[in-house]
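Throughout, read-outs are computed from the coordinates displayed, never taken from laboratory work. No experiment lies behind these values; they were computed from the predicted model shown. Don't worry about glycine lacking a Cβ; one is built from the backbone with ideal geometry, like all the others, and counts go over all protein chains shown.
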């Protein structure tokens, strides 16, 4: 009975450690996807708007693209850290 309790305790500990290492990668991947979809939305808005709004929407799209790039880089770094 005691052996079974130790096995369950160890399995729970390993699962918690694995989840703690994977969570940052998943969060950053989600943020990257969110920023990419915002970029696409701003590009569509820019395509259908007149000049003053068009440049604003294009600037927003460039900002979202840069943020998505940062989040993808962080996600890759977190995934590499989880593996190693």
Legend entry - For segment 23-83: rounded, prolate or oblate by the Cα gyration tensor [a/c cutoff 1.5]: prolate
Legend entry - Fewest-first sequence of 42, 80 by Cβ atoms within 10 Å of each Cβ: 80, 42
Inset, instruction - Can you figure out the FRET efficiency of residue 34 with residue 12, using R₀ = 30 Å and their beta-carbon distance, to the nearest 0.05? - result: 0.40
Legend entry - Computed lengthening from residue 55 to residue 81, 0.36 nm per intervening residue step minus Cα-Cα distance: 5.4 nm
